[in-house]
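Everything on this sheet refers to the single structure shown next.
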Amino acid sequence: MKQYYMPTKIISGRNCVVANSHVFKAYGNKAMIVTGRYSAKVNGSYDDVIQALAQEKIEYCLYDKVMSNPTVACAYEGAMMAKDEAVDFIIAIGGGSPIDAAKAMALIATNEVIEADLFKGTCKNEAMPLIAVPTTAGTGSEATQYAILTNDLLETKSGLANGSIFPKVSFLDASYMMTLPLEITINTSIDALSHAVEGLISIKSSPVSEALATKSIEAIVGVLPALLEAKQQDHIGGLDFEIREVLLYASMIAGMVIAQTGTTAVHAMGYSLTYFKDIDHGRANGLLMGHYLKSIEDKAPNTVHKILAPMHMKCADELIALMDSFFDDKEVVTIEELEMYSGKAIVTGNINNCGVKPTKEDLLDIYKAALNV
Ligand code: NAP
Ligand code: ZN
């Protein structure tokens, strides 16, 4: 059985937050704004949200302590603030980290849920309404029911899935991304590409998700030459508003894909690289993605063809070479570390999502090929 469900209203375009301030009013009279420590206040997004709230006479409080790869403790702290301040709804501004943390806060704020049960995602009450303003183009969190948090109990990153944490509304204004540094732009773009690719690998792929994934791959691959040129010249100036908008759109639709399909072995394997080696999430996926495709090239040629055709490529080696062109020295790891990471990845639900299920040995081989052992 296949289904498609994505209840988030998407409003996009330059100045869309201020121009649609009435949208916020539908969710109450007091909001909690959730951001990272710095970027929202310099890229214009925070100022726009404040202006929109002022126009509608909506009060607000601010939680601006979300770190990259947010912790469970951060989610509980923010939820406590939402309860103490008796807010009606939450506005998340930032990359995937603040948006995911805010989603978890929204769920914890309306439920008595202990940490050991949090990732089950089964809560009695609906989450507090959430509005998202993404300022990176990568995670697609603005269009998913997932919140990914650092899970120290299991020493990995874990996903919380709950239908009520889909943002009610997401505002997509690419002008906020003009301040995004090149390395984060590259890593987040590759994260989005990985979502679209994994959507096609997933056993939950459907005609709708497939169409969206193909469109997303085409759009991202179309702007990769501009990203590569910016990297080679160490100059971000060429990444104009139009390119930012393509990336924001492509990453949002890749989010719509994984909202249906989930992610697969690539994300499952990447989480250990982030948890133990502090490798950025998108970079971790980019290091692994081509090698995973190569491992299934003979077993699932049609799937691999569907992925590579919109990239104008014929074999996984071409994708590996493209990803490598973005990554300088690869991280050094030991075999013992990789064995441990393979053990962690193989027990995740993401593995069951794979059209061709890898063994633990397959995962080890992929890690070995992708990294500097
Ligand atoms: P991020 O961790 O949210 O942000 C990375 C860095 O970029 C931060 O230092 C942030 O600064 C800065 N930044 C954000 N927007 C900026 C802008 N417009 N200009 C300048 N700097 C900016 O990065 P992300 O890649 O978007 O999110 C990664 C997280 O999302 C991971 O935890 C990953 O596991 C998760 N994820 C979630 C999903 C999902 O479906 N929910 C899917 C994939 C990944 P500040 O801290 O100051 O804001
Ligand atoms: Zn991701």
Inset, instruction - Take the residues in segment 118-152 that are surrounded by fewer than 24 Cβ atoms within 10 Å (Cβ to Cβ) and acidic (Asp, Glu), then tell me which one is nearest to ligand 2 (Cβ to nearest atom). - result: 152
Legend entry - Qualifying residue in segment 222-230 (condition: of a type in the set (A, V, I, L, M), on the phi < 0 side of the Ramachandran plot and under 16 Å from the mean Cα position of the chain (by Cα)): no
Inset, instruction - Select, from 122, 150, 136, the only residue that is polar (S, T, N, Q), more than 9 Å from ligand 1 (Cβ to nearest atom) and not in a helix (DSSP H, G or I). - result: 122
Legend entry - Answer from 186, 203 - the residue that is at pLDDT 95 or above and either within 16 Å of ligand 2 (Cβ to nearest atom) or at positive phi (or both): 186
Inset, instruction - Within segment 207-227, identify whether any single residue is assigned to a helix (DSSP H, G or I), within 12 Å of ligand 1 (Cβ to nearest atom) and either surrounded by fewer than 19 Cβ atoms within 10 Å (Cβ to Cβ) or aromatic (Phe, Trp, Tyr) (or both), and answer yes or no. - result: no
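Quickly run through segment 155-178 and pick out the residues that are in a loop (DSSP other than H, G, I, E, B) and out of contact with any Asp or Glu (no Cβ under 8 Å at 6 or more places or on another chain).
Within segment 155-178, the subset in a loop (DSSP other than H, G, I, E, B) is 155, 162, 166-168, 173.
155, 162, 166, 168, listed by residue number.
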Legend entry - Candidates 277, 368, 294, filtered to the one that is surrounded by 14 or more Cβ atoms within 10 Å (Cβ to Cβ), within 16 Å of ligand 1 (Cβ to nearest atom) and of a type in the set (Lys, Arg): 277
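The values are calculated or read from the model by the stated rules, or taken from the named source; none is laboratory data. Quantities reported herein were computed from a predicted structural model and do not represent experimental measurements. Cβ coordinates were reconstructed from backbone atoms using ideal geometry, including for glycine residues, and neighbour counts include every protein chain displayed.
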